[in-house]
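For reference, the structure is listed below as structure tokens.
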Amino acid sequence: MSTDWNSGVWPDWCPGCGNFGIFTALKGVLSELGIRREEIVLVSGIGCSGKIPHFVKVPGVHTLHGRAIPFATGIKASNPDLKVIVHGGDGDLLGIGMGHLIAMGRRNPEILVVVHNNGVYGLTKGQASPTLQLGKKTKSLAFPNVNSAVNPILLGIASGYTFLARSYAYNIEHLKACLKQGISHSGAGILEVIQPCPTWNNIVTMDWVEKNTYYLKDWDPVVKDDEDAVKKAQGIIGIESGEKKALGTILIDKRKDPFGKRLASIYKHYAAEPPAAQEVEKSGAPLSIDLEKTFQKFYIP
């Protein structure tokens with residue numbers, strides 16, 4: 001088991017950036033879960049959060065803007081034994097990448113999406129992100145924000161995610177607990193992490209978080225059956241309608257089959273021989289494959 005997860009690349013985030021907390025929590029969780037380097041892949045998009053695969057000594061992919069989720073879905077489908085974690089900012093995942101976020105909920109692959117939510121596009125000088133509240137004006141904006149905010153948790157409910165949680169970047173132990181649950185969950189998960197951006201967002205500060213968040217108590221996130229699922233959804237809408245942000249595990253739904261199991265029900269060889277285990281070349285030359293039989297499977301007379 002690995003204990004040193006530092007790649008040797010210097011984390012060049014701004015002093016006080018919430019990404020340091022997420023980075024620290026992630027490394028701690030990898031050790032505590034006993035995960036080996038070859039068992040995990042980190043996938044990121046563009047933005048400050050996108051640098052994480054460079055800083056953690058595991059296989060990783062720093063992808064295009066908004067495209068981390070389709071990359072991650074392909075990795076997981078090709079090699080279902082891997083643990084795959086997506087790291088992306090609120091702008092990357094809920095702006096240009098929102099369509100992929102919704103599609104992942106429908107598929108329910110065993111992938112955890114960590115949404116680094118700081119309310120701004122930090123890498124490009126602090127423009128308002130999709131999670132910045134309507135009417136708010138950070139020090140990086142010339143005028144108050146004119147767009148309504150996207151709520152990642154409610155979007156996750158609507159899209160079919162089976163694990164939902166929210167944590168805070170500076171509470172390492174709480175964040176680690178949420179990460180462990182999300183990584184271990186058999187299905188698609190969203191972990192929203194509220195993180196201060198001291199460079200561009202002077203609203204979401206440590207003091208603001210202390211006054212505007214609370215930790216969930218007396219809330220059972222586990223869905224028991226279809227009837228309970230409706231009650232849970234109604235309860236979550238109530239939680240998310242409050243003035244303060246709830247921190248904790250919000251939903252665990254084990255009723256739905258993950259994407260890999262759905263694929264295995266169609267492709268009988270998939271579980272034993274997924275794409276990553278299949279032969280792609282012989283004697284150094286690409287295999288020549290007759291696709292006619294494959295095409296016939298999809299022929300509709």
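Read-outs: derived from the displayed coordinates by stated rules, not from any lab. Source: prediction; values computed, not measured. Cβ: placed from backbone, ideal geometry, glycine included. Neighbour counts: every protein chain shown.
What FRET efficiency would be calculated for the residue pair I266, D226, taking the C-beta separation as r and a Förster radius of 22 Å, to the nearest 0.05?
The formula returns an efficiency of 0.35 here.
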| query | So for the pair T205, N79, with labels modelled 7 Å out along Cα→Cβ, what separation do we get in nm? | reply | 4.6
| remark: The set of residues whose placed amide H lies less than 5 Å from the amide H of G126, leaving out same-chain residues fewer than 5 positions away, is Y121
| So who's got an amide H within less than 5 Å of the one on I250, skipping anything under 5 residues away but keeping other chains? H placed 1.01 Å off N, in plane. | L164, A165, R166
| request: Please order S129, S283, S186 by the number of other Cβ within 10 Å, starting at the fewest. | output: S283, S186, S129
| task | Would you kindly state how much longer the chain becomes between E32 and Q127 on full extension, computed as 0.36 nm times their sequence separation minus their alpha carbon distance, in nm to one decimal? | result | 30.5 nm
| said: Given the DSSP H assignment, sum -39500 (n - 2.57) over each helix run of at least 4 residues in the chain and divide by its residue total; what's the result at 222 nm in deg cm²/dmol, nearest 500? | reply: -9000 deg cm²/dmol
| request: Scan around G88 for amide H atoms under 5 Å from its own, H built in the peptide plane at 1.01 Å from N, and keep only partners 5 or more places away or cross-chain. | output: V114, H116
| query | So what J values fall out for region 255-272 if you push phi through Karplus, 6.51 cos²θ - 1.76 cosθ + 1.60 with θ = phi - 60°, rounded to Hz, Gly and Pro as x? | reply | 6, 8, 5, x, 4, x, 5, 5, 5, 5, 6, 9, 9, 4, 8, 4, 4, 7
| Once you put a point 7 Å from the Cα of E173 and another 7 Å from the Cα of A142, both along the Cβ direction, what distance in nm separates them? | 4.7
| said: Quick one: 3J(HN,Hα) in Hz for region 200-208, Karplus 6.51/-1.76/1.60 with θ = phi - 60°, rounded, Gly and Pro as x. | reply: 10, 10, 8, 9, 7, 9, 4, 5, 4
| message | If I model a spin label as a point 7 Å beyond the Cα along the Cα-Cβ vector, how far apart are those points for T294 and Y214 in nm? | response | 5.5
| note | Once phi for every residue in region 102-110 is put through the Karplus expression 6.51 cos²θ - 1.76 cosθ + 1.60 (θ = phi - 60°), the whole-Hz ³J(HN,Hα) values, with Gly and Pro written as x, are 5, 4, 5, x, 5, 7, 6, x, 7
| message | Taking 0.36 nm per residue of sequence separation and subtracting the Cα-Cα distance, how much length would be gained by fully extending the chain between Q234 and K282, in nm to one decimal? | response | 11.7 nm
| message | What does the charge count around H62 come to, taking other residues whose C-beta lies under 13 Å from its C-beta (Lys +1, Arg +1, Asp -1, Glu -1)? | response | +1
| task | Note down the net charge around E110, summing +1 for each Lys or Arg and -1 for each Asp or Glu among other residues with Cβ under 11 Å from its Cβ. | result | +2
